[in-house]
Amino acid sequence: MDFLNLLARLADLDTTPALPAAAPRRAALGRLGQAGTALLPALLTGLSRPAAATPQNTKTRLDALHLALQLELLENEFYSRALGLVAGFSAVPFSATEKTAIQTIQQHEAQHVALFQRLITDSGSSLDPVVRYDFTGSKNGAQPALYPDVQTNPDTFLQVAQLLEDAGVRAYKGQVEFLQSDDYLLEAAVRTHSTEARHASHIRTMRRQRGATVKSWISASDAAITTPGSVPAKVYEGEDNITQYVTIGTSLVQVPFDSTLPINVGTPPLTPTQVLAKVAEAFDEPLNAQTATALLQLFTY
Amino acid sequence: MSNIKQNAGDEAEFAKPLYTPIKRRSFFMYAGATAGATALLLSGCDDDKDEVVPAGTISLGSGDVGVLNYAYALEQLEAAFYAQVKDTPATDFKTNELAYFTQVAAHEAIHRDFFKAAINRDAPGKIIPSLQASDLNFSSVDFTKRDSVLAAAKTFEDLGVAAYNGAGKYLKTPAYLVIAGQIVSVEARHAAYVRDLISNGSFADDSIIDSMGLDKAMEPVDVIAAAQPFIKVKLDATSVGK
């Protein structure tokens, strides 16, 4: 694909003053659609998804959008059921305060669904087939349920919510580099990402208010909510990472927090081990598409 | 291109800055390679890079290192703020709040030191000077009062999130983009935590999340303008990412 030429043509489209001034968002998105249609053959060469049904490690912008939509659809359904908005599912018995917070989160997830559906269809692609969800993790009875009382017990529901939100935050981080070539899509993704991080923080606060040992950020001191070796456990694998890297030329060089940097804010001073525990908290880690998809599949059938 | 500015917020702002100024700019940067005439047409409008920094002003620099310096400046501000919160805790902090802010202080200090290390290793000689205590101005914060501390913390955390959200597009090195993502979500967790302390349930209210469910994004110059009252030395972000 002649990428530079494509961009040049998009730039030309961008300056065409033919669009009405009203409804800027619609106009802007319509413009994306316009660009998508005009340049579709060229664009799709670069964006088409592999036909294989196995989970891919995302490679294209479109793959990233589809993964984001899958996440958002699942989250929206999860919270909608908890609020009694889905036929056949009675609301989880929350307190009034908890219900309000879940409503706030659900509304955001619904907005994210609408956004990513529009971005996908505007790019000329079609939406994935609708899937069915089972948040007990039993795949509609095909395997033992991991969370049998997710729909009736607020503590279980919030555990799964934490799992999904923390996973979502990590999954978006794993996708940003595939969206880097498009400022608009990148910014949509990063702004969705930090919204999800706020959700994750609040769900954790809700659990703490109900007596769980958990911080608002991912910490080694959180009481474990997953079993080692299980699919949900992958959500927290690698979060204890205490190394970050910087690039020099093309090589990655580790930043040695414990020895060379002046981080030490404790009184008395923190031990190197304690400093490293803080380092793990201070950075959320990315999750690749394969792992994110594995978690999604646990709750779909 | 005098219209290159944005202060993201509502829905219209989201569509507008993304589609017109930024998009156009980045596309023309690419387009320059193949569509020379177009680039030439616009080159006269783009005077950002030639701007002279007045004496006494610290330029954050351009390109990726400009973005890193920008983040470094903000993390220094946050780290200094929370260090002060920790050293002179509000007399009316509730149970566990000091312990939590001590942890947040550690996170911010780590972010600050990370950027210092990253810039020194990746772009030797291009790091901005460290902001000393005498360079900062927290006189508007009453550190003895919980309400004042929480309000300031909310300001800093929301600003930090919006700053990272708006700066991602200026990073050209994928590794930096990922690192920025690794940090911004922790900042967003802090922001939600502090907001919930002020008013439980305000973790992601309409003042910060727009009707598309998107968190705020702000341009470097707007973020620095918002942060400038807390920093005595003048920072210039006009060439960040450019």
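Right, B:Val67: surrounded by 24 or more Cβ atoms within 10 Å (Cβ to Cβ), of a type in the set (A, V, I, L, M), within 23 Å of A:Gln274 (Cα to Cα) and at pLDDT 90 or above or not? I'd like the intermediate steps shown before the answer.
Details: surrounded by 24 or more Cβ atoms within 10 Å (Cβ to Cβ): yes; of a type in the set (A, V, I, L, M): yes; within 23 Å of A:Gln274 (Cα to Cα): no; at pLDDT 90 or above: yes.
So B:Val67 does not fit the description; no.
Take the residues of the stretch A:208-222 that are among the hydrophobic types (A, V, I, L, M, F, W, C) and open to solvent by less than 20 Å² (accessible area, probe 1.4 Å): which is nearest to the other protein chains (Cβ to nearest Cβ)? Outline the logic, then answer.
Within the stretch A:208-222, the first condition is being among the hydrophobic types (A, V, I, L, M, F, W, C), and the residues that meet it are A:212, A:214, A:217-218, A:220.
Add one more test, that the residue is open to solvent by less than 20 Å² (accessible area, probe 1.4 Å), and what stays is A:214, A:217-218.
On the way: A:Val214: 12, A:Trp217: 4, A:Ile218: 8 Å.
Looking at residues that are among the hydrophobic types (A, V, I, L, M, F, W, C) and open to solvent by less than 20 Å² (accessible area, probe 1.4 Å), I get A:Trp217.
What's the number of the only condition in (1) in a helix (DSSP H, G or I); (2) on the phi > 0 side of the Ramachandran plot; (3) among the small types (Gly, Ala, Ser) that B:Gly201 fails to meet?
Only one criterion is unmet by B:Gly201, namely (1).
Determine if the stretch A:93-101 includes at least one residue that is surrounded by 14 or more Cβ atoms within 10 Å (Cβ to Cβ) and either assigned to a strand (DSSP E or B) or touching a Gly at 6+ places or on another chain (Cβ under 6 Å) (or both). Walk me through how you get there before you give the answer.
Looking only at the stretch A:93-101, we keep the residues that are surrounded by 14 or more Cβ atoms within 10 Å (Cβ to Cβ), and these are A:94, A:98-99, A:101.
Imposing the further condition that a residue be either assigned to a strand (DSSP E or B) or touching a Gly at 6+ places or on another chain (Cβ under 6 Å) (or both) reduces the set to A:101.
Yes; the residues of the stretch A:93-101 include at least one that is surrounded by 14 or more Cβ atoms within 10 Å (Cβ to Cβ) and either assigned to a strand (DSSP E or B) or touching a Gly at 6+ places or on another chain (Cβ under 6 Å) (or both).
Taking the condition closer than 22 Å to B:Ala151 by Cα and more than 15 Å from the chain's Cα centre (by Cα), does B:Asp222 pass? Even if it seems obvious, please write down each step before you answer.
On the way: closer than 22 Å to B:Ala151 by Cα: yes; more than 15 Å from the chain's Cα centre (by Cα): no.
Here the answer is no, as B:Asp222 does not meet what is asked.
Which one of these does A:Glu72 not meet: (1) within 18 Å of A:Pro286 (Cα to Cα); (2) open to solvent by less than 20 Å² (accessible area, probe 1.4 Å); (3) modelled with pLDDT under 95?
Only one criterion is unmet by A:Glu72, namely (3).
Quick one: which residue in B:Lys154, B:Lys86, B:Lys169 is under 20 Å from the mean Cα position of the chain (by Cα), at the interface with chain A (Cβ under 9 Å from one of its Cβ atoms), of a type in the set (D, E, K, R) and assigned to a helix (DSSP H, G or I)? Let's see the steps before the verdict.
Details: B:Lys154 fails: at the interface with chain A (Cβ under 9 Å from one of its Cβ atoms); B:Lys86 fails: under 20 Å from the mean Cα position of the chain (by Cα).
From the options B:Lys154, B:Lys86, B:Lys169, the qualifying one is B:Lys169.
Would you pick out the residues in the stretch B:218-240 that are over 14 Å from B:Phe156 (Cα atoms) and surrounded by fewer than 23 Cβ atoms within 10 Å (Cβ to Cβ)?
Answer for the stretch B:218-240, where residues must be over 14 Å from B:Phe156 (Cα atoms) and surrounded by fewer than 23 Cβ atoms within 10 Å (Cβ to Cβ): B:Val221, B:Lys232, B:Val233, B:Lys234, B:Asp236, B:Thr238, B:Ser239.
Any idea which of (1) among the aliphatic types (A, V, I, L, M); (2) within 12 Å of chain B (Cβ to nearest Cβ); (3) in contact with a Phe, Trp or Tyr (Cβ under 9 Å, 6 or more places away or on another chain) is the one A:Ala96 doesn't satisfy?
Among (1) among the aliphatic types (A, V, I, L, M); (2) within 12 Å of chain B (Cβ to nearest Cβ); (3) in contact with a Phe, Trp or Tyr (Cβ under 9 Å, 6 or more places away or on another chain), A:Ala96 violates only (3).
Could you list, ordered by first residue, the pairs with Cβ atoms under 6 Å in which the first is in the stretch A:108-135 and within 14 Å of A:Glu75 (Cα to Cα) and touching a residue at least 60 places away in the same chain (Cβ under 8 Å) and the second is of a type in the set (Phe, Trp, Tyr) and part of a loop (DSSP other than H, G, I, E, B), at least 6 apart or interchain?
If the second residue must be of a type in the set (Phe, Trp, Tyr) and part of a loop (DSSP other than H, G, I, E, B), the pairs left are A:Arg132/A:Tyr301; A:Tyr133/A:Phe299; A:Asp134/A:Tyr301; A:Phe135/A:Phe299.
Among what's in the stretch A:111-122 and is under 16 Å from A:Arg191 (Cβ atoms) and touching a helix residue (DSSP H, G or I) at 6+ places or on another chain (Cβ under 7 Å), pick the residue that is most open to solvent (accessible area, probe 1.4 Å). Can you show your working first?
Keep residues of the stretch A:111-122 that are under 16 Å from A:Arg191 (Cβ atoms), which gives A:111-116, A:118-119.
Next cut, touching a helix residue (DSSP H, G or I) at 6+ places or on another chain (Cβ under 7 Å) only: A:112-113, A:115-116, A:118-119.
Details: A:His112: 0, A:Val113: 13, A:Leu115: 1, A:Phe116: 4, A:Arg118: 66, A:Leu119: 3 Å².
If we take residues in the stretch A:111-122 being under 16 Å from A:Arg191 (Cβ atoms) and touching a helix residue (DSSP H, G or I) at 6+ places or on another chain (Cβ under 7 Å), then A:Arg118 is most open to solvent (accessible area, probe 1.4 Å).
Could you go through the stretch B:104-111 and let me know if any residue there is in a helix (DSSP H, G or I) and open to solvent by 10 Å² or more (accessible area, probe 1.4 Å). Before you say what the answer is, go through the steps one by one.
Of the stretch B:104-111, the ones in a helix (DSSP H, G or I) are B:104-111.
Filter once more, so that each one left must be open to solvent by 10 Å² or more (accessible area, probe 1.4 Å): none.
No, the stretch B:104-111 has no match at all.
Tally time: how many residues in the stretch B:184-210 are facing chain A (nearest Cβ under 7 Å), open to solvent by 10 Å² or more (accessible area, probe 1.4 Å) and either within 13 Å of A:Ile105 (Cα to Cα) or among the acidic types (Asp, Glu) (or both)?
Going through the stretch B:184-210 one residue at a time, the tally reaches 2.
Can you name every residue in the stretch A:123-143 that is under 22 Å from the mean Cα position of the chain (by Cα), open to solvent by 40 Å² or more (accessible area, probe 1.4 Å) and not basic (Lys, Arg)?
If the condition is that a residue be under 22 Å from the mean Cα position of the chain (by Cα), open to solvent by 40 Å² or more (accessible area, probe 1.4 Å) and not basic (Lys, Arg), then A:Ser126, A:Leu127, A:Asp128, A:Pro129, A:Val130, A:Val131 are the ones that fit.
Going by the conditions given, is A:Thr205 among the hydroxyl-bearing types (Ser, Thr, Tyr) and more than 9 Å from every other protein chain (Cβ to nearest Cβ)? Before you say what the answer is, go through the steps one by one.
Working: among the hydroxyl-bearing types (Ser, Thr, Tyr): yes; more than 9 Å from every other protein chain (Cβ to nearest Cβ): no.
No; evaluated as a whole, the condition is false for this residue.
The values are calculated or read from the model by the stated rules, or taken from the named source; none is laboratory data. This one's a predicted model, so the numbers in the text were calculated from it and none came from an experiment. Neighbour counts are summed over all protein chains in view; Cβ atoms, including those assigned to glycine, are modelled from backbone coordinates with ideal geometry. Heavy atoms of the whole protein, side chains included, go into the accessibility calculation; ligands, DNA and RNA do not. Shrake-Rupley method; radii C 1.70, N 1.55, O 1.52, S 1.80 Å.
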